[in-house]
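Remarks on the structure that follows.
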């Protein structure tokens, strides 16, 4: 059977057609989810009223809910989905580990530590100063540094320990260690700062100020740009570092670009929305299986679209449409992501291949 | 093909691992050369540093002294990209990534030539498809690499290096994971590639392949590198140090191994037929050497009756197979 399969003359063309089709469907889905996310919420507003609110033709309360809350939240959801999924894709390729992702490897925790050091660390000196007065950029940059430090550490461990599961366990240990450090910081910080920090850890998509959303937009756009720049490097990393070098890849430069990119993406999201799990692992796998390719020229845009759509869907579900309760979005992403992760582990055991 | 000079040359190259306070070279400085279009086998016992040598030539690990000259230029001065346009490399590392198609893997060979995003234009597409066909994988371009057999995957790796369009290919144990037909398939392919002007340097633990197929051998031993045609090395008995002489010997006739067995006795074989060769072999394995003086017992090769006859004193016994004959001989001698 091995040699029996014949392909059409130029199969690239049919692939391309199929891929365009998948992108169209995903794009449509994304638009639908975005609209649904705006139309649905804990306060039920008729679609017609939502439409009018969009064009500034509704009463001020509804107007307020739509433009100051729901639209920014939907945009945040998209940015978060894009950022986490892209950083997951890059980490999986760079570490050649299908289980890699910002959450499980402790990169989000590292970002959290960065935030904690700023919020709690400065508290002793600055007294009851307001959290927001630190400035969103200081917050987000400290998250980048924290995320970057953990990424470099994981890279170092990955280069010594080849076993995928061992690296994963070490990542979980790192995350636990970091949360222990944060607990100690909390112990020494004053009440006001502690409260600000605890509120932050609960994280959500809807708590961003306009200023924070701007910082997040700029950061994620930078991350997307760096991801596009790193497409060729990621394709080379697929076949392993030695081969990548042998075809002329500058390993140090590429690593620096990709590390900065994942740190910016995972760090910014964690800084403003708190830790959100499993999207980073799951979405790249969905993209690979949907497009049946390992080529990052397709996976990067694919991950962007799927990541945004999945996060919007998670947000819609977390609002429990029709009820006034809102679930933490983190629990929804876990419920979506964990089955994918288990499936990948089982498949990995079976055919011993990476991804 | 434009010049036939040394395409690859080691000048007092020192290889090994330098880490922390320990910096040790495994071997004395190595000097050797390869000419364009040659198939050169690097052999030596396990752990002598064959892979280390190949990795050092590839600049994947730093040399501890000396130079690697490529077409007369010091490769230490090359950028990674320039080196990638001169030498292609296949290690023992298995690339097993699901969702990666043969085409995508081979396309990575174009890495040193494509633009910032790795766009495959028409020209590159033609080179990739030609490489796939040359490597014997026609119609395989859309197969997933993870679903290939070991031999097919090795061909895909070779296709990738072909697409890289380098003069020199370096392969670390290219036949290590392959079954017999896979081994010979890959060796034949390597031979074809050198015939079309490429130069291949490969390491192997398979002496039979190295001695029969290579134009030149680089023999790595504790006291340094010896290079030459397989026959040159055979004549100076260069391989004799490689083996435990008591257990295994070397048949200079065809470059195969002989396992030495304890000698049980000598025996005479009567008759001349093409079965003599196999009979001698089977007897040798059981520990009997063949003599020209008539012995008791002695063996008569099958003629019309297709049976071996064993004459012992006045009696004779017939055997339908060599196996039966040798079993009987073991009992009586």
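Nothing in this text is a laboratory measurement; each read-out follows from the coordinates by a stated rule. The structure displayed is predicted, hence computed values, not measured ones. All Cβ positions, even for glycine, are placed from backbone atoms using ideal geometry, and neighbour counts span all protein chains on display.
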The range A:176-233: C-alpha gyration tensor shape, a/c 1.5 cut-off, then a/b vs b/c: oblate
Just tell me how shielded B:55-61 is by partners: mean number of partner chain Cβ atoms within 10 Å of each residue's Cβ, no decimals. 2
Using the basic label-point model (7 angstrom from Cα toward the beta carbon), what is the residue B:77 to residue A:192 distance in nanometres? 6.6 nm
When the chain is fully extended, how far beyond the present Cα-Cα distance does residue A:252 get from residue A:155, taking 0.36 nm per residue of separation? 33.7 nm
Just to confirm the number: angle between the C-alpha axis of helix B:180-195 and the first principal axis of chain B, 0 to 90 degrees, nearest 10? 50 degrees
Can you show me the helix-derived [θ] at 222 nm for the protein assembly as shown, built from DSSP H runs with n ≥ 4 at -39,500 (n - 2.57) apiece and divided by the number of residues, rounded to the nearest 500. -17000 deg cm²/dmol
Take the Cα coordinates of the protein assembly as shown, assign each an equal point scatterer, and use the Debye formula without solvent to give log10 I(q)/I(0) at q = 0.07, 0.08, 0.09 Å⁻¹. -0.63, -0.76, -0.88
Just for the Cα atoms in the range B:126-219, what are the lengths along the principal axes, largest first, rounded to whole Å? 39, 27, 16
Give me a single rounded figure for B:89-101: the average over its residues of other chain Cβ atoms within 10 Å of their Cβ. 6
Please arrange A:261, A:32 by counting, for each residue, the other beta carbons lying within 10 Å of its beta carbon, fewest first. A:32, A:261
To the nearest 10 degrees, the tilt of helix B:276-286 (Cα long axis) against the first principal axis of the alpha carbons of chain B is 90 degrees
Cα gyration tensor of chain A, axes a ≥ b ≥ c as square roots of the eigenvalues: rounded (a/c below 1.5), prolate (a/b > b/c) or oblate? oblate
Using only Cα atoms, figure out Rg for the range B:7-161 and give it as a multiple of 2.2 N^0.38 Å. 1.18
Expected sort for B:11, A:16, A:191, B:38 with the fewest Cβ neighbours (10 Å cutoff) up front is A:191, A:16, B:11, B:38
Rounded, prolate or oblate (a/c below 1.5 giving rounded, otherwise prolate when a/b exceeds b/c) for the range A:203-355 by Cα gyration tensor: oblate
For chain B: relative contact order, % (alpha-carbon pairs under 8 angstrom, 6 or more apart): 17 percent
Shielding by partners, peptide A:227-236 (average Cβ within 10 angstrom, other chains): 3
Taking chain B as the reference, fit the longest principal axis to its C-alpha atoms, fit the long axis of helix B:122-134 to the helix C-alpha atoms, and give the angle between the two in degrees, 0 to 90, nearest 10. 10 degrees
